[in-house]
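*Asks:* Structure incoming, see below.
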Amino acid sequence: MSDIIQLLPDSIANQIAAGEVVQRPASAVKELMENAIDAGATTIQVIVKEAGKTLVQVIDNGMGMSETDARMSLERHATSKIRKAEDLFTLHTKGFRGEALASIAAVSQMEMRTRPADEELGTCLVVEGSEVKKQEPVACEKGTSISVKNLFYNIPARRNFLKSNPVELKHVIDEFQRLALAHHDIVFSFIQTDEVVYDLPAGRLSQRIVNIFGKSYQEQLAACQEETNLVKVTGYVGKPDFARKTRGEQFLFVNNRFIRSNYLHHAVMSAFENLLPENSFPFYVLFIEIDPRHIDVNVHPTKTEIKFDDERAIYAVVRAAVRQAIGSHNLTPGIDFNADVNIISKLTLGASQSNDVYFEERFSTPGRSTNQEHWEKLYEQSKNFAPPPPEAQVLRFESSVNKSSEDLAASQEEKVLVQLHLRYIMRQVRSGLMIVDQQLAHERILYEKFLNQLKNKSAESQQDLFPQAVTLSASDFALVLEMEQEIAALGFRLDVFGKNTLLINGVPANLPTGGGKSLFEGLIEQFKINQSDLSIPLKENLARSLAKRAGIRAGQKLVKEEMQAIIDGLFACSTSNYSPDGLPTFFIFELRKIESYFNRQ
Ligand code: ADP
Ligand code: MG
């Protein structure tokens, strides 16, 4: 038999490749805009006609191309962005496959005008179905303008496959919005059949969001910010009240690249748990920054999918970032702990329950991703991310007791619990030393407990042996009567006892400070302060006020069990990292940092 295998001509190979890269006009918009961004442009103009079916043009003021590069750019696998395989793992550009221009040129009539800043004349190239029809010097602006006309003119089947103009335009605008959000420092404009649809000045992300989606977004944004050794999450989420019935305004970026991830979408949704009406979707624009070595973007040609080394860790951080954003905007009404109610209440100070029981109960609650898991996960990450150098694996001399240094470190974790200056609790954790602010941490624990009680009206109260009478001003008395039910849900048992006077028969159970008259007066006082300083809902205010007044203070001596209860309670909270007022509750002094003080790095 004679040989029958032949290499395909470039034009056919390119057409086949185009099938993957260019699906519709929106694909051309995306690829051309990305190239403009990679070329360092500060102004990018996008022009489309008939939803991009007859024209997609992108004009940039970036670095432009030399005559040879202009020609080379149309070859498949021709790229200036990577040179060797390792570069794939340190990618900082949008493109890297060198496929886009070759693919687009294979299935359209393309015209390119380009000029680098240091050359007087630019190059004009006209290409049809991969065939270069014309190449000549041309006077043009610095930068590049590429027009893609009549996409799929030479593949009728693909052209017929395109959807109606409104549908295709929607895809085009989606791509435009994603890139415009990710690059708010670049000026963008979008013109559809001679009409300016978007005109976006360079500015902050929040301004870009408002410029794209409208003024009404101004009040609905809550800022997100969370950082660990592995990953940084920033951006904005929409307040729950503004959630829409339709999907679409959810944007997730990894290293400034738009991605789709049901898994991380779920992380955001779970942070909104119970705050959203059924079947509605919150607005979000979130940016995940991570060392490119921990991701693989080379999964799919259109590059909206991505693989992470440690997806679960990212999930935890995204969730925490969103939770924190919602919390710090006082958006959290009753946080629903469901089965955790009793456990939480036992965890307030004075709890006699042992840790083991607590952990067992926590983890046996089915289907809940707990903060404790998150917390432990964060440790895992820091451990993986910054392994201690071998010489730091101390205590080797103890190996005679037949324990690995890791075991030792683990058992050490349980033992070392120190109160510092009667204000902070120090505890060894895997990544170093954790320092918890006892007052702020306890405030957080009580706040979540009280919110929960207010929601479920499930207060534990303890009888006062000697009921105390409190006389209030007329307005405070009226205020208390107005909130009678809520105050009862916190655990106070009150009876009206003459004019402007109440009798306190019972107080919230299990509080370290006891209760009684001064606590009650403190609650009302704090409630009024919050009312004038903050505009927060009534229940939220009550929970915050009582948490502030009933919590342990700096300066209070704690025994080991109390410290343990605070740490456990804090990390059982739905938002552990911040006090109700938004102050950090703890921080971790990294082992690496400690080592650096001893010049061991
Ligand atoms: P990739 O972006 O993956 O490198 P493309 O086919 O999109 O592949 O582009 C090929 C090359 O053409 C790029 O690597 C770049 O050097 C050059 N190029 C494309 N568009 C532009 C532009 N707007 N400005 C400057 N150079 C460009
Ligand atoms: Mg490209």
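*Asks:* Take the cross-link list LYS30/LYS170; LYS239/LYS528; LYS245/LYS455; LYS449/LYS548 and give me the ones stretching past 18 Å between alpha-carbons.
*Replies:* Among LYS30/LYS170; LYS239/LYS528; LYS245/LYS455; LYS449/LYS548, the Cα-Cα distance tops 18 Å for LYS239/LYS528; LYS245/LYS455.
*Asks:* How do 95-108, 557-570 rank on mean C-beta neighbours within 10 Å, highest first?
*Replies:* Averaged packing, sorted descending, gives the order 95-108, 557-570.
*Asks:* State the volume of the convex hull built on the alpha-carbon positions of segment 181-263, expressed per residue in Å³ and rounded to an integer.
*Replies:* Taking the convex hull of the Cα positions in segment 181-263, it is 138 Å³ per residue.
*Asks:* Rounded to the nearest Å, what's the spacing between the alpha carbon centres of segment 426-485 and segment 139-214? Just the number, please.
*Replies:* Cα centroid of segment 426-485 versus Cα centroid of segment 139-214: 53 Å apart.
*Asks:* Please report the relative contact order for segment 416-523, taking Cα pairs under 8 Å with a sequence separation of at least 6, and give it as a percent rounded to a whole number.
*Replies:* Details: 137 pairs, mean separation 23.9, N = 108.
RCO, segment 416-523: 22 percent.
*Asks:* How much net charge surrounds MET63 when only the other residues with a Cβ under 15 Å from the Cβ of MET63 are counted, with Lys and Arg +1 and Asp and Glu -1?
*Replies:* With Lys, Arg at +1 and Asp, Glu at -1, the net is -3.
*Asks:* Toward the positive end of the charge dipole of segment 1-78, about the Cα centre and with charges on Cβ (Lys, Arg +1; Asp, Glu -1), which of ILE4, MET63, GLN23 goes farthest?
*Replies:* Farthest along the dipole direction, towards plus: GLN23.
*Asks:* I would also like to ask the following. Would you mind putting 442-454, 45-57 in packing order, based on average other-beta-carbon counts within 10 Å, highest first?
*Replies:* Averaged packing, sorted descending, gives the order 442-454, 45-57.
*Asks:* Just need the relative contact order of segment 11-69 here, percent rounded to a whole number, with Cα pairs under 8 Å and 6+ apart.
*Replies:* Relative contact order, segment 11-69: 30 percent.
*Asks:* Beta carbons within 10 angstrom, averaged per residue: use that to sort the peptides 483-492, 587-596, highest first.
*Replies:* Order by mean packing, descending: 483-492, 587-596.
*Asks:* How big is the dipole moment of segment 95-204 about its Cα centre under a simple scheme where the beta carbon of each Lys and Arg is +1, that of each Asp and Glu is -1, and everything else is neutral? Debye, nearest 20, please. Don't skip to the answer; put the middle values down first.
*Replies:* Values: 13 positive and 16 negative charges, 89 e Å.
Using only the charged Cβ atoms, the result is roughly 420 debye.
*Asks:* Which net charge results when you count Lys and Arg as +1 and Asp and Glu as -1 among the other residues whose beta-carbon is under 12 Å from that of PRO116?
*Replies:* Net of charged neighbours comes to -4.
*Asks:* State whether segment 86-198 is rounded, prolate or oblate according to the following rule on the C-alpha gyration tensor (a ≥ b ≥ c being the square roots of its eigenvalues): a/c under 1.5 gives rounded; otherwise a/b larger than b/c gives prolate, and the remaining case gives oblate. Write out the running numbers ahead of the final one.
*Replies:* Working: a/c = 1.33, a/b = 1.08, b/c = 1.23.
Since a/c stays below 1.5, the shape of segment 86-198 is classed as rounded.
*Asks:* Further question: For ASP60, ASP199, which order do you get if you count the other beta carbons within 10 Å of each Cβ and list the fewest first? Don't skip to the end; give the middle numbers.
*Replies:* On the way: ASP60 28, ASP199 12.
Ordered from fewest to most neighbouring Cβ atoms within 10 Å, ASP60, ASP199 come out as ASP199, ASP60.
*Asks:* Among rounded, prolate and oblate, which fits segment 49-129 when a ≥ b ≥ c are the square roots of the eigenvalues of its C-alpha gyration tensor, a/c under 1.5 means rounded, and a/b larger than b/c means prolate?
*Replies:* Here segment 49-129 falls in the oblate category.
*Asks:* Near ILE290, within a Cβ-to-Cβ distance under 14 Å, what is the net charge of the other residues, with Lys and Arg +1 and Asp and Glu -1?
*Replies:* In short, -3.
*Asks:* How would segment 1-80 be classified by its alpha-carbon gyration tensor: rounded, prolate or oblate, with rounded meaning a/c under 1.5 and the a/b versus b/c comparison settling the rest? Provide the component values of the computation, followed by the final result.
*Replies:* Details: a/c = 3.30, a/b = 1.67, b/c = 1.98.
It comes out oblate by the Cα gyration axes.
*Asks:* Could you grab the relative contact order for segment 133-253? Cα pairs under 8 Å, six or more apart, rounded to a whole percent.
*Replies:* On the way: 87 pairs, mean separation 14.6, N = 121.
Averaging sequence separation for qualifying contacts and normalising by length gives 12 percent for segment 133-253.
Just so you know, all these numbers are worked out from the coordinates, no wet-lab data involved. Nothing here was measured: the structure is a model prediction, and the numbers come from that model. Heads up, the Cβs are rebuilt from the backbone with ideal geometry, glycines too, and the neighbour counts pull from every protein chain shown.
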